[in-house]
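The values are calculated or read from the model by the stated rules, or taken from the named source; none is laboratory data. No experiment lies behind these values; they were computed from the predicted model shown. Note that we place each Cβ from the backbone using ideal geometry, even for glycine, and neighbour counts take in every protein chain shown.
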Amino acid sequence: MTPAPLAPPRIDPADAAAAAARFSAGAPADVRYAVLDTPVGRVVAAITPRGLVRLAYEDWNDGVDRIVSSLAGSLSPRILEQPAALDPVARELDEYFAGRRTSFDLDLDWSLCTPFARRVLGATKRIPYGQVATYGEVAEGAGSPGGSRAAGNALGSNPMPIVVPCHRVVRTGGALGGYTGGVERKELLLRLEHAAIMG
């Protein structure tokens, strides 16, 4: 007589939830983030083991939940709010807005950028504090003379505004042009830096 098959062991849902919680608590986060207050509004800052990967204006990106969800989808679902891990970012931003810092020393993670965007943003990062460059000049610095429109698109999707200073890029003739956080913020940042274009 063939013995009856053994029934699978019953797993208590509470035990399963506890095991999942222990796993989550022990697993390192791939992305850590914090919400920071700045003179130009609240921003969500996120880091990976490689460095700062995102600095997003909360109001310009439909809120914290939308930003975090986008990061989870683009980078990793292992994302954790951990303000202490973002202390270096918060400190450098505070120093910048207090006028004590003219460049950022943070490591950057370019994972959210295409190769072309990275070249454009690399050229943008080299624009000195208090100075401006045109879209055409940035395109040329990125190795794409005549590619000012494409450079503008790359700047519009800059994942790390302020730190990668796309606010320093203006139109030929001096008009401010667009900005990922709104033109008012661009003007405020340029005034903070006493950029010549702002008088």
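Just name the residue that is surrounded by the fewest Cβ atoms within 10 Å (Cβ to Cβ) out of those in segment 81-100 that are among the aliphatic types (A, V, I, L, M) and assigned to a helix (DSSP H, G or I).
ALA84
Looking only at segment 106-136, count every residue that is charged (D, E, K, R) and either without any contact (Cβ under 8 Å) to a residue 12 or more places away in the chain or not in a helix (DSSP H, G or I) (or both) and tell me the total. I'd like the intermediate steps shown before the answer.
Applying the first criterion (charged (D, E, K, R)) to segment 106-136 yields 107, 109, 118-119, 125-126.
Those still in the list that are either without any contact (Cβ under 8 Å) to a residue 12 or more places away in the chain or not in a helix (DSSP H, G or I) (or both) too: 107, 109, 118, 126.
Of the residues in that region, 4 qualify.
Got at least one residue in segment 184-196 being crowded, with 20+ Cβ neighbours inside 10 Å, among the small types (Gly, Ala, Ser) and out of contact with any His (no Cβ under 9 Å at 6 or more places or on another chain)?
No, segment 184-196 contains no residue that is crowded, with 20+ Cβ neighbours inside 10 Å, among the small types (Gly, Ala, Ser) and out of contact with any His (no Cβ under 9 Å at 6 or more places or on another chain).
Out of the residues in segment 106-136 that are of a type in the set (D, E, K, R) and under 19 Å from VAL44 (Cα atoms), which is surrounded by the fewest Cβ atoms within 10 Å (Cβ to Cβ)?
Looking at the filtered set, the residue picked out is ASP107.
Considering PRO161, PRO128, PRO165, PRO83, which residue is assigned by TED's automatic domain parsing to the domain that holds TYR57 and on the phi < 0 side of the Ramachandran plot?
Numbers: PRO161 fails: assigned by TED's automatic domain parsing to the domain that holds TYR57; PRO128 fails: assigned by TED's automatic domain parsing to the domain that holds TYR57; PRO165 fails: assigned by TED's automatic domain parsing to the domain that holds TYR57.
Just one listed residue meets the conditions, PRO83.
What number of residues within segment 153-192 satisfy the criterion of being touching a Phe, Trp or Tyr at 6+ places or on another chain (Cβ under 9 Å), among the β-branched types (Val, Ile, Thr) and free of Cβ contacts under 8 Å to residues at least 60 places away in the same chain?
Final tally of qualifying residues: 4.
Can you tell me which of (1) basic (Lys, Arg); (2) farther than 20 Å from VAL183 by Cα; (3) surrounded by 13 or more Cβ atoms within 10 Å (Cβ to Cβ) is the one ARG50 doesn't meet?
For ARG50, the failing item is (3).
Would you check which residues across segment 115-153 are β-branched (Val, Ile, Thr) and either more than 29 Å from VAL68 (Cα to Cα) or at pLDDT below 95 (or both) and list them?
Hits for segment 115-153 are ILE127, VAL132, THR134, VAL138.
Condition check: touching a residue at least 60 places away in the same chain (Cβ under 8 Å) and either surrounded by 16 or more Cβ atoms within 10 Å (Cβ to Cβ) or closer than 14 Å to VAL163 by Cα (or both). Does LEU55 satisfy that?
Details: touching a residue at least 60 places away in the same chain (Cβ under 8 Å): yes; either surrounded by 16 or more Cβ atoms within 10 Å (Cβ to Cβ) or closer than 14 Å to VAL163 by Cα (or both): yes.
Yes: the conditions hold for LEU55.
Can you tell which of SER76, SER144, SER103 is in a loop (DSSP other than H, G, I, E, B), surrounded by 15 or more Cβ atoms within 10 Å (Cβ to Cβ), touching a residue at least 12 places away in the same chain (Cβ under 8 Å) and of a type in the set (Gly, Ala, Ser)? Before the answer, list the steps.
Values: SER76 fails: surrounded by 15 or more Cβ atoms within 10 Å (Cβ to Cβ); SER103 fails: surrounded by 15 or more Cβ atoms within 10 Å (Cβ to Cβ).
SER144 is the lone residue from the list that is in a loop (DSSP other than H, G, I, E, B), surrounded by 15 or more Cβ atoms within 10 Å (Cβ to Cβ), touching a residue at least 12 places away in the same chain (Cβ under 8 Å) and of a type in the set (Gly, Ala, Ser).
Report yes if ALA139 is more than 29 Å from ASP94 (Cα to Cα), surrounded by 19 or more Cβ atoms within 10 Å (Cβ to Cβ) and not hydroxyl-bearing (Ser, Thr, Tyr), otherwise no.
yes
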